[in-house]
Amino acid sequence: MKKLLIPIAVVAVGAAAYLYQQKEQQPAYNVLNYVPADTPIFSGQLAPFPLKDYLTSFPSLDNTQEIKLSEAFGYESAGINFTQNIIDAYQEAVKTPSLLATNFGLADQVRAYAYTIGLLPVVKIEVADPQVFWDLLDKSEQETGFTHTDGKLNEQPYRSYQLTEDDDQMKVELIISQANGLFTFTLKSDIFTDQALAMALEQQKPEKSLADTGTITEIAKQHNLSESSIGFVNHVEIVKGLTTTDGNLIAKQLTELLKNESRNPLTAIQSTICQQEFNSIAQNWPRTAFGYTQLDIDKDQATVGFSAIIESKNQVILNSLNALRGFIPEYTQGYDDKIASFAYGFDVSKLSSSLTNIFSDLSTPSYQCAELQKMQSDITQAGQQLAMVGIGANMASGLKGISGAIYDYDLSDLSSTTPQLNSLDGLFSIHADSPKALFDSLKMLAPIPALDLVVDGPAVALKSIMPIPPELNIDPQVAIKGNHFVIYNGEKATKVANALSTEKLSSNGVAQIALDLPKLLAPILGEIEKSDEFLPAEIQNLKDYDMRMKGGLDITEQGIRVDSTVNSKAVK
């Protein structure tokens, strides 16, 4: 008997080890396994986002105007009142972030996803206590009379709220379901198949999922974005959906939607030649990608960096736009030491050739699709008009950009018809290969008194060139500092202007802006408070907006890129 038990024990241990190993090797639950690879739109907060701290770090929104759906729609209904209750609960939670758990059952940190299965919208939100949200829906149903019906797909239960009237030709239902710690919100309608709903409710996986493609990692690496949150719009799939009748899920759903229409508005672009030519354009501009570049959040302050990139493979247009990049000076980058700044970089000497290349590329090949022929004709006409701009720009050849900044200012007598500017610290600059040549050209065109500015020479008072009203209390200076023509007033601006003399020109951007909202509003709000005038709720609310922001536009090897950063601090 003992001899028999030994091999049985060995087999049992081996089987247990095998089963344990198989369990360990099973892939973890991943929402992306249920997102089709060809989804046209996707946005995912893939790592927990500190929502409570984020809202806490933002200014109080106590005085903001509440959303009233009945006013927007012009009538009331049970469905509108039901939705209004949910919105009211959300607005209350935004004002007091601790209510996110009380009202919605959300954790302090959440994951969320929004995407489409063809045209079918799907939103998923991570919830810590699902019953809290179910109770919110039940309470709103009791108060408004807008009720749900229970449904089940396979073994997955869901609630269905009818969004259309009983006599409407197409019935549309809001579907709410909960599984795997996530609430799912989607739609049910005749144009959406049961298979699409099954994917939305995670009862069926697509043939190829977003998780299978590596798209998220690819976008993050290509554009230097955080993998914690990535989104994209797939232009190729959208174009395919519009120009074909069954090329993808969008096309099939649109075909079903429009089958009873007397006139299909998409017929004009669904010929074979239109499909090919629109697809060719989409392949050159395949996708818009977006995501975070910075995410530093706690309950005291939040700094969030965000970027969006319109990807392009059209090297002719990209190279032409890249050639137009101009100079963005160091003093305009960032928001820490100023009230506001701006910079526009453009190489005027490249304008004519770049426009010629761009419009030449847009004019060839000659399209056969009627809709594209019309668009091409309009572009050709616009190109002829803009050609004159290129010729006129030759007068400013060598110009690389303009910029400016405000560091400080003070006002008084705002209640009078003529507010008093007590002080101003700021500058305006023009950047060029030869700013002196540009200034001399300006003297020939404008009635400017004889004045000879020397590169890196002494500054000249602007009032010697043009009259300045004495009530402005400013004495701006004009100078050429290296490659920079500057007009400046104030202590800080003087230091920045002098530093420009050693800053060399480079093609480093297209546009840059920055703003410190508290610094901008402080003089104005301070004067209003001194006047003892009644402050409207909207103005009173601005006092707590401790927020700074910056943004930029540039041309990169991947396409057209927009960057932004917002910093906010909680009210003490």
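The values are calculated or read from the model by the stated rules, or taken from the named source; none is laboratory data. This one's a predicted model, so the numbers in the text were calculated from it and none came from an experiment. Using ideal geometry, Cβ is built from the backbone for each residue, glycine included, and neighbour counts are taken over all protein chains shown. To get the accessible areas, we keep the full protein, side chains included, count just its heavy atoms, and leave off ligands, DNA and RNA. Shrake-Rupley method; radii C 1.70, N 1.55, O 1.52, S 1.80 Å.
Qualifying trypsin sites (Lys or Arg not before Pro) in the stretch 298-375, where qualification requires a DSSP coil assignment and no more than 15 other C-beta atoms within 10 Å, comprise Lys299, Lys313. 3J(HN,Hα) along the stretch 157-172, derived from phi through the Karplus expression 6.51 cos²θ - 1.76 cosθ + 1.60 where θ = phi - 60°, amounts to x, 8, 9, 10, 10, 6, 9, 10, 6, 4, 8, 5, 5, 10, 8, 10 Hz, with x in place of Gly and Pro. For the stretch 33-149, the C-alpha radius of gyration sits at 1.20 times the compact-globule guess of 2.2 N^0.38 Å, with N the residue count. The H on the amide N of Val35, modeled in the peptide plane, is under 5 Å from the matching H of Leu210, Ala211, each at least 5 residues off or on a different chain. Amide H contacts of Lys481: Asp456, Val486, each under 5 Å away and 5 or more positions distant or on a separate chain (H built 1.01 Å from N in the peptide plane; Pro and chain starts excluded).
How would the stretch 142-272 be classified by its alpha-carbon gyration tensor: rounded, prolate or oblate, with rounded meaning a/c under 1.5 and the a/b versus b/c comparison settling the rest? Note, shape of the stretch 142-272 comes out oblate. Between the helical axis of 130-144 and the longest alpha-carbon principal axis of the chain there is an angle of about 80 degrees.
Between Ile230 and Gly44, Leu46, the built amide H atoms are under 5 Å apart, and every one of these is 5 or more places off in sequence or on another chain.
Report, in whole Å, the centroid distance computed from the Cα atoms of the stretch 252-280 and the stretch 191-237. Computed from Cα coordinates, the inter-centre distance equals 25 Å. The candidate values are (i) 3, 14, 21, 26, 23, 11, 2, 0; (ii) 3, 12, 18, 21, 20, 15, 8, 3, 1, 1, 0, 0; (iii) 4, 16, 22, 17, 13, 10, 7, 5, 3, 2, 0, 0; the one derived from this structure for P(r) over Cα pairs in 10 Å bins from 0, in percent carries the label (ii). Which lysines have a Cα lying under 27 Å from the Cα of Lys139, excluding residues fewer than 8 positions away in the same chain? List returned: Lys52, Lys68, Lys95, Lys124, Lys152, Lys171, Lys188.
From helices alone, the chain scores -11500 deg cm²/dmol at 222 nm; the rule is -39500 (n - 2.57) for each run of n ≥ 4 DSSP H residues, then divide by the residue total. Please say if the stretch 188-335 is rounded, prolate or oblate, where rounded means a/c under 1.5 for a ≥ b ≥ c the square roots of the C-alpha gyration tensor eigenvalues, and otherwise the choice is prolate for a/b larger than b/c and oblate otherwise? Oblate is the answer for the stretch 188-335, as a/c is 1.5 or above yet b/c matches or exceeds a/b. The relative contact order of the chain, computed from alpha carbon pairs under 8 Å that lie at least 6 residues apart in sequence, is 14 percent. The residues of the stretch 131-170 present an accessible area of 67 Å² per residue when probed at 1.4 Å with all protein chains retained.
Loop-located GluC sites (Glu not before Pro) in the stretch 131-202 (DSSP state not H, G, I, E or B) with no more than 15 neighbouring Cβ atoms inside 10 Å: Glu155, Glu165. Overall shape: oblate for the stretch 258-413, with the ratio a/c of the largest to smallest alpha carbon gyration tensor axis at 1.5 or above and b/c at least equal to a/b. The GluC sites (Glu not before Pro) found in the stretch 207-253 that occupy coil by DSSP, while having at most 12 further C-beta atoms within 10 Å, are Glu207. Take the residue pairs Lys299/Lys543; Lys205/Lys313; Lys313/Lys550; Lys519/Lys550 and return only those whose Cα atoms are more than 25 Å apart. Check vs 25 Å cut-off fails for Lys205/Lys313; Lys313/Lys550.
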